[in-house]
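The values are calculated or read from the model by the stated rules, or taken from the named source; none is laboratory data. Computed from a predicted structure; not experimentally measured. Here Cβ is always computed from backbone atoms with ideal geometry, including for glycine, and neighbour counts include all displayed protein chains.
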Amino acid sequence: MANAFWCVVEDDRKGAPKKVMAEVIGEAARLSGGEVEAVWLTDKATDEGVKQLGEWGARKVWLLENAAFAPYRAEVWAPAIAELAKAQSPRAILAPVTSRQRELMARLAARLDVGLAADCMGLAMEGDRLIATRPVYAGKLLAKMAWAKTPWLATLRPNVFKPADAVPGRAAAVERPTASLPAAALKLVERREEVSTGLPELTEAEIVLSGGRGMKGPENYVILEELGGVIGAAVGASRAAVDAGWRPHRFQIGQTGRTISPKLYMGFGVSGAIQHLAGMRTSKVIVAINKDPEAPIFKIADYGIVADLFEVVPALTQEFKRLLEK
């Protein structure tokens, strides 16, 4: 539908949309008055996944289902969405801030010759214009921006926008357009291995524990993972820890890693370099644990503990176990 707000689906690669899509769809519905459509590129959509998008408020699901869409490759996805957008003329295209969508939306903006507001923390309609609020200077300031022409493209920071309330039984119409796929080029992915920690996904978790240089080595992250398992938290890392090879890059929080906005962030041995703060300073509650009372992270923390993390973490783990067993 022309002038609809599109939401590009981020899925779990198993045929279901991630819960962050409730936030994207909810915000799109608020801005558009309900004219929301989902665009889902996948090799294996499920009926349950389509049903979920409808219950969150998508009136239509553009389902582009093809084996060529997995694994994700921007050079395949971007042309397919751009072709559909040129044919259907959406007013806006929104997506969550994830590693995949960051790349995809930038390529899509270039193909459609429009602007992109990345990592948005607020969106509002002012008359007939969409105004985006996003961080600049590593999160030190917030800037407002508008687009010169449609479609308006934006990525939304997770855990910032109010999720749509699911309405059981609400269904979306399904369209299955065909996409012109580019000819085979370089084969960049020979094999994909999914590695699970058994903990929540970093960008969607309501509680995030982050370990910095103070963890002293990769073997010590097991104590954060134990605490995370008790309270249902994701475990991330600072850039210093990732650069040292202690954790894979997918766990890095910061300007050059993941952007998070959990209800509770706890930093253990994290100094609070500006690069790291840019990725987590919008957390609702920030707790810092560091032996150095002058660590910059204490300046933005809601609560701080000046102590050895190797004493604090086991004590927290035992206390949470005791409380949760009641």
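Can you tell which of Ala45, Ala68, Ala58 is at pLDDT 95 or above and not in a strand (DSSP E or B)?
Working: Ala45 fails: at pLDDT 95 or above; Ala68 fails: at pLDDT 95 or above.
Exactly one of Ala45, Ala68, Ala58 is at pLDDT 95 or above and not in a strand (DSSP E or B), namely Ala58.
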Would you call Ile260 under 23 Å from Phe161 (Cβ atoms), surrounded by 21 or more Cβ atoms within 10 Å (Cβ to Cβ) and either without any contact (Cβ under 8 Å) to a residue 60 or more places away in the chain or of a type in the set (Phe, Trp, Tyr) (or both)? no
Looking only at residues in the range 274-288 that are in contact with a helix residue (DSSP H, G or I) (Cβ under 7 Å, 6 or more places away or on another chain) and touching a residue at least 24 places away in the same chain (Cβ under 8 Å), which one is nearest to Ala241 (Cα to Cα)? His276
If you scan the range 234-246, which residues turn out to be crowded, with 18+ Cβ neighbours inside 10 Å and out of contact with any Pro (no Cβ under 7 Å at 6 or more places or on another chain)? Val235, Gly236, Ala237, Ser238, Arg239, Ala240, Ala241, Val242
